[in-house]
1. For region 331-372, name all the residues that are at negative phi, out of contact with any Lys or Arg (no Cβ under 8 Å at 6 or more places or on another chain) and within 16 Å of the ligand (Cβ to nearest atom).
2. Here is a list: Thr129, Thr138, Thr162. Which entry is within 16 Å of the chain's Cα centre (by Cα) and more than 16 Å from the ligand (Cβ to nearest atom)?
3. State whether one or more residues within region 82-92 are farther than 23 Å from Glu462 by Cβ and hydrophobic (A, V, I, L, M, F, W, C).
4. Which of the residues spanning region 400-418 are surrounded by 23 or more Cβ atoms within 10 Å (Cβ to Cβ) and either within 16 Å of the chain's Cα centre (by Cα) or on the phi > 0 side of the Ramachandran plot (or both)?
5. Considering each of Thr104, Thr22, Thr74, Thr65 in turn, give the residue that is surrounded by fewer than 17 Cβ atoms within 10 Å (Cβ to Cβ) and of a type in the set (Ser, Thr, Tyr).
6. Take residues that are in contact with an Asp or Glu (Cβ under 7 Å, 6 or more places away or on another chain) and more than 16 Å from the ligand (Cβ to nearest atom) and tell me which of the helices (runs of 4 or more DSSP H) falling wholly in region 242-330 contain 1 or more.
7. Restricting attention to region 51-63, does a residue exist that is in contact with a strand residue (DSSP E or B) (Cβ under 7 Å, 6 or more places away or on another chain), at pLDDT 95 or above, aliphatic (A, V, I, L, M) and under 23 Å from Ala185 (Cβ atoms)?
8. Inside region 257-279, can you point out the residues that are without any contact (Cβ under 8 Å) to a residue 12 or more places away in the chain, under 22 Å from Gly326 (Cα atoms) and under 24 Å from the mean Cα position of the chain (by Cα)?
Amino acid sequence: MANDSSAVLDAISPDSIADPFTPPADSSLWQKNFLLGAATASYQIEGAVREDGRLPSIWDTFSATPGKVLAGDTGEVACDHYHRWESDVDLLAGLGLEAYRLSTAWPRVMDEAGVPNRKGLDFYKRLLTRLKEKGITTMVTLYHWDLPQHLEDRGGWLNRDTAYRFAEYADLMSRELTGLVDAWATLNEPWCSAYLGYGNGHHAPGRANGRYATQAMHHLLLAHGLAVPILRANDPDSQKGIVANVGRGTANSDSAADQRAAHLFEVQHNAWILDPLLKGAYPQDLFELWPHTEPLVLEGDMETIAAPLDFLGINYYFRTNVESDGAHGFTEAPPEGVERTQMGWEVHPDGLRDLLIGFHGTYANLPPIYITENGMASDDKVTDGKVDDSQRISFLKRHLAAVDQAIKAGVKIRGYFLWSLMDNFEWAFGYERRFGIVHVDYGTQKRTIKRSAELVTKFLKERKARG
Ligand code: IFM
């Protein structure tokens with residue numbers, strides 16, 4: 001590696017580098033119980049897709065389909081984390097990160113008949129045991145989009161049975177990994193699984209029908225609700241939650257039509273998931289936006305879905321400015337001259353603050369929040385062994401300031417996970433978009449610590465020194 005990760009903490013002295021990152025003295029981030037960590041996901045980093053009995057996932061199939069992923073990239077090798085996990089854990093620990101959010105790959109740990117795959121389970125046991133030995137708090141997401149292909153062949157998330165198969169998978173994992181996981185997240189971003197996977201087909205499995213999206217969402221949320229009591233019974237000392245990506249929608253004008261458009265945008269992105277989880281009902285406005293798409297809901301489903309949560313994970317990246325489409329919906333009205341990332345996403349930290357404060361006001365039973373993902377992609381290059389990702393440093397500082405503002409406004413926020421620990425397979429955008437605080441050279445698998453990571457490390461070191 002360009003930097004000796006185990007020596008990173010020692011090598012970065014508080015005075016050695018000019019610091020555009022460290023939060024102001026009155027920031028809540030200085031409180032030691034505010035966790036600062038990084039996140040990844042199985043398909044995006046592991047590779048080894050055919051090793052040790054792993055079965056194909058929908059992302060193997062989708063990425064092997066011409067035209068679905070930029071440059072024809074696949075997760076076949078990714079960051080080769082399946083083989084490099086030990087040095088990757090050293091890297092994480094060397095950076096002084098306090099928490100790590102990872103996901104387990106369902107097709108790695110069970111076969112079609114539900115028989116456990118010992119080799120796959122052992123991989124996660126070794127990984128989580130090492131993380132515990134290093135004193136790192138662990139959050140495990142059970143489903144970060146890599147559905148076993150054999151389940152998709154039976155209808156995937158359109159088939160209610162997939163929710164029951166997920167409950168079996170949650171049962172296996174929480175029996176096998178009990179004591180190694182501090183927090184379980186059932187699903188990552190059901191909005192993406194349902195809408196991008198079944199609504200517009202931009203993600204695996206690539207199906208495109210509005211009615212499919214709402215039914216897939218219902219089965220995803222049902223899977224979550226079925227899993228929560230199982231996780232509680234098998235691993236009582238851990239926290240249980242779910243991770244939602246949320247979107248800030250702002251109105252292009254003060255007109256009632258544009259205000260309504262912004263409201264509908266947030267219904268479609270946020271209330272579609274949060275209302276069933278926290279109010280036990282789908283928002284009726286959703287079906288005004290998408291007429292005739294009500295999912296089939298069986299008696300008792302909504303109570304199952306609304307199982308009490310210990311935490312809610314929030315992933316936030318950008319805001320969307322919208323206006324009325326002249327009918328019942330909204331259309332994007334992208335502002336000119338605003339800062340954007342390599343994804344083209346607008347940098348808008350206030351959106352995160354406003355959403356957090358809004359959820360706090362809307363949901364009386366809002367559980368404590370972790371920001372489970374926040375970060376940005378940039379076209380980072382290694383020059384003389386260094387990566388100067390100055391836009392990311394500024395992005396992180398501003399978003400952490402937004403989190404601090406929300407905390408000061410009364411929102412209970414317990415921690416923040418950077419997306420991502422390292423550059424990785426960015427789904428339909430393949431390897432072109434780099435979200436990591438560690439650079440990955442995909443030709444050599446060399447990891448290079450970016451300047452953003454150095455500054456996060458420096459802050460954590462200072463915070464630790466203050467005691
Ligand atoms: O890379 C993804 C991640 O898998 C889920 N949340 C958004 C990230 C950036 O697009």
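1. Hits for region 331-372 are Arg340, Thr341, Trp345, Ile371.
2. Numbers: Thr129 fails: within 16 Å of the chain's Cα centre (by Cα); Thr162 fails: within 16 Å of the chain's Cα centre (by Cα).
After ruling out the rest, the residue left standing is Thr138.
3. Residues of region 82-92 farther than 23 Å from Glu462 by Cβ: 82-89.
Subsequent filtering for residues that are hydrophobic (A, V, I, L, M, F, W, C) retains 85, 89.
The answer is yes; a qualifying residue exists.
4. Correct list: Gly415, Tyr416, Phe417, Leu418.
5. Details: Thr104 fails: surrounded by fewer than 17 Cβ atoms within 10 Å (Cβ to Cβ); Thr22 fails: surrounded by fewer than 17 Cβ atoms within 10 Å (Cβ to Cβ); Thr74 fails: surrounded by fewer than 17 Cβ atoms within 10 Å (Cβ to Cβ).
Answer to the check: Thr65.
6. Numbers: elements: 256-266, 272-279, 285-289, 301-305.
Fully inside region 242-330 and qualifying: 256-266, 285-289.
7. Pass one, region 51-63, residues in contact with a strand residue (DSSP E or B) (Cβ under 7 Å, 6 or more places away or on another chain): 55, 57.
Now drop any that are not at pLDDT 95 or above, which leaves 55, 57.
Retained after the next criterion (residues that are aliphatic (A, V, I, L, M)): 55.
Those still in the list that are under 23 Å from Ala185 (Cβ atoms) too: 55.
Yes: one or more hits.
8. Restricting attention to region 257-279, the residues satisfying the condition of being without any contact (Cβ under 8 Å) to a residue 12 or more places away in the chain are 259, 275.
Pick out the ones that are also under 22 Å from Gly326 (Cα atoms) and you get 259.
Within region 257-279, no residue meets the criteria.
The values are calculated or read from the model by the stated rules, or taken from the named source; none is laboratory data. As the structure is a computational prediction, the values presented were derived from the model and not from experiment. When we count neighbours, we look across all protein chains shown, and the Cβ atoms used for this are built from the backbone with ideal geometry, even at glycine.
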